[in-house]
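First up is the structure itself, then whatever we jot down about it.
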Amino acid sequence: MAYQFDFPAVFDYTDALVTGAGVTLGLTLVGALLGGALGTLGGVVRAWRIHPLDWAFRLYVEVIRNTPFLVQLLFIFFGLPSLGVQINEWQASILTMVVNLGAYTTEIIRAGIEATPRGQIEAAQSLAMNRWQTFRHVVLRPSLQRVWPALSSQVIIVMLGSAVCSQIATEDLTFAANFIQSRNFRAFETYLVVTFLYFLLALLTRQLLNWVGRRFVAPRRPCSPEVR
Amino acid sequence: MSLVDIRGVHKHFGSNHVLKGIDLAVEPGEVVAIIGRSGSGKSTLLRTLNGLESIDAGEIEVDGTALKAHQDSAEQLRSLRLKVGMVFQQFNLFPHLSAGENIMLATTVVQGMDQESARDTAKAMLLKVGLQDKFDAYPDQLSGGQQQRVAIARALAMSPRVLLCDEITSALDPELVNEVLAVVKQLAAEGMTLIMVTHEMRFAREVGDKLVFMYQGLVHEYGDPRELFAQPRTPELASFISSVM
Ligand SMILES: Nc1ncnc2c1ncn2[C@@H]1O[C@H](COP(=O)(O)OP(=O)(O)OP(=O)(O)O)[C@@H](O)[C@H]1O
Ligand SMILES: [Mg+2]
């Protein structure tokens, strides 16, 4: 007997899908901003070997990189309350995204900073710029430029990974999928639509990050290449 | 008193004793050309003059700012670097900034110049090196010779008392060497104090007021370039000259 597809059974729940996708995007946005900030700090600390923060970041990065995202999430959601820290599923999800992305970003940005040609720093020094001025005006932007594709990919990896946040009842896109298919019993159609939505979100996020990269990270080029 | 005073400077890289007691004085407006074989310590000497390399013994004094071995606080280094500009073999322009912004960066950030005056200064400096129409060009849109001239303009914008040049034409295609040397020559004519490591022997003889021949970490010969090229006093300089000319 041929399977009868019933997509309208999914689209009855469009509201839930839209809300879920919004939550996933929101988690990603906050995670990327805070995680990016944490990772930039970490990258600088690691590249400049600022003691004792240096080894703290090193430990942090190793722990995060070598444990599953889901376990990090469960630890934060169920573990922290045992220590007396009250945390709801939202806070736990966001915190896990930030902590996870922060660790990977630390390593990516560290690599970008360390790839700065020695001559760039010497040129800044010879112009009497101090360490902070050199970092802020000479090192930072080209370093971000170098690693922007890697950073973008990591944000998307974490966005897709955020699906596990539904495990602690964060009402993201995957949570919506589980909810819908438990009502309409149309698992195939529901997960197909949600798969497609994740795909769209990932494409959208990459486009957005590419635009941010072109607009704010890459040099502001005059349009004509005929300057020479 | 001399503008630059180098007294008994020693430098080691691990067990490699690279500078073995350098004494050298440079007067205001002098053009000093440093020559010598690869590895004789020319770049290292130049780099100690603006604190890019620390020294292990001796003293360096530029226009009243002294730097001794193990006495180089951030404040001393800043004060020294405000008086000493440097131009590098590889240009080292900041790739994310236009030519104009490259020049404006240190004048605004370090000297606290406002945008308006910094822009005017940058334009004046670009005019000086013949690149007044390249203010908005990015380094990768410029030829090597143009990049090096922007680098010179960037150093000059800080109004240094001395300009250090480390083989600034060595990375250039032969046909671009002259446009850079012309700028240096013009600076010399305007009375800029220049200390330059160079492989351009003819230029050293023509433009230099003093010639320094470095050999195994020491100033082996020092004097008038025309005299030394014509009559080297030591066999080491004689053999060096005959090997490069
Ligand atoms: N950062 C460094 N660490 C270790 N050794 C160094 C360093 N910089 C220079 N040296 C060594 O010091 C010696 C002198 O080097 P320097 O660059 O001053 O020579 P140079 O006269 O400028 O030579 P060249 O004509 O090739 O530029 C060389 O033996 C070099 O290997
Ligand atoms: Mg050298």
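In whole Å, what are the Cα extents of the stretch B:138-245 along the three principal axes, biggest one first?
Per principal axis, max minus min of the Cα coordinates gives 47, 29, 24 Å.
In Å and from the alpha-carbon atoms only, list the Rg and Dmax of the stretch A:130-206.
Reported Rg and Dmax, both Å: 19.0, 64.
In the protein assembly as shown, if the dipole is taken from +1 on Lys/Arg beta carbons and -1 on Asp/Glu beta carbons about the Cα centre, which of B:228, B:93, A:56 is farthest to the positive end?
The one lying farthest along the dipole's positive direction is A:56.
How big is the shadow of the Cα convex hull of chain A, averaged over all directions, in nm²?
18.3 nm²
Report the one residue of A:133, A:149, A:210 whose Cα lies farthest in the direction of the positive end of the charge dipole of the stretch A:8-217 (charges on C-beta: Lys and Arg +1, Asp and Glu -1; origin at the Cα centre).
A:133
Determine the share of the stretch B:89-240's accessible area contributed by carbon and sulfur atoms, expressed in whole percent, with a 1.4 angstrom probe.
47 percent
Which whole-angstrom value gives the distance between the alpha carbon centres of the stretch B:129-160 and the stretch B:226-245?
The two parts, judged by their Cα centres, are 35 Å apart.
At 4 °C and 1.567 mPa s, what whole-number value in µm²/s does Stokes-Einstein give for the translational diffusion of the stretch B:81-207, with Rh from the Kirkwood sum over Cα pairs?
Answer from the Stokes-Einstein relation: 90 µm²/s.
For the protein assembly as shown, give the magnitude of the charge dipole about the Cα centre (Cβ charges: +1 Lys/Arg, -1 Asp/Glu; no others), in debye to the nearest 20.
Result for the protein assembly as shown is approximately 240 debye, rounded to the nearest 20.
Got a sec? Charge dipole of the stretch A:100-170, +1 on Cβ for Lys and Arg, -1 for Asp and Glu; which of A:124, A:105, A:165 is way out at the positive end?
A:124
Keeping every protein chain in place, order B:86, B:113, B:245 by accessible area at 1.4 Å, biggest value first, i.e. largest first.
The ordering from most to least exposed comes out as B:245, B:113, B:86.
Please compute the average number of Cβ atoms from other chains found within 10 Å of each residue's Cβ in peptide B:93-101.
Per residue, the average neighbour count from other chains is 5.
Rounded to the nearest whole Å², what accessible area per residue is found for the stretch A:33-156 with the 1.4 Å probe?
Per-residue accessible area for the stretch A:33-156 comes out at 48 Å².
Per residue, what accessible area does chain B have, given a 1.4 Å probe and all protein chains present, in Å²?
On a per-residue basis, chain B sits at 40 Å².
Mind checking how much accessible area A and B bury in total, 1.4 Å probe, in Å² rounded to 100?
Between A and B, the summed buried area is about 2400 Å².
For helix B:99-109, what angle does its Cα long axis make with the longest principal axis of chain B, in degrees from 0 to 90 and rounded to 10?
80 degrees
Under unit Cβ charges (Lys, Arg +1; Asp, Glu -1), what dipole magnitude, rounded to 20 debye, does the stretch A:76-228 have relative to its Cα centre?
740 debye
Please list, short to long, the whole-number percent of alpha-carbon pairs of the protein assembly as shown in consecutive 20 angstrom bins beginning at zero.
Going out from 0 Å in 20 Å bins, the protein assembly as shown shows 20, 39, 24, 13, 3, 0 percent.
List the relative contact order of chain A as a percent without decimals, with contacts defined as Cα pairs under 8 Å and 6+ residues apart.
31 percent
Can you send over the solvent-accessible area of residue A:132, 1.4 Å probe, protein chains only, in Å² to the nearest 10?
Solvent-accessible area, nearest 10 Å²: 150 Å².
So what is Rg over Rh here for chain B, counting just Cα atoms and using Kirkwood for Rh?
Here the Rg-to-Rh quotient is 0.97.
Is there a quick way to get the dipole size of chain B? I mean about its Cα centre, with the Cβ of Lys and Arg at +1 and of Asp and Glu at -1; what is the value in debye to the nearest 20?
Here the size comes out at about 260 debye.
The values are calculated or read from the model by the stated rules, or taken from the named source; none is laboratory data. Given the structure is predicted, the values throughout are model-derived calculations rather than measurements. No Cβ is skipped: glycine too gets one built from the backbone with ideal geometry, and neighbour counts run over all protein chains shown. SASA here: full protein model, heavy atoms, side chains in, ligands and nucleic acids out. Shrake-Rupley method; radii C 1.70, N 1.55, O 1.52, S 1.80 Å.
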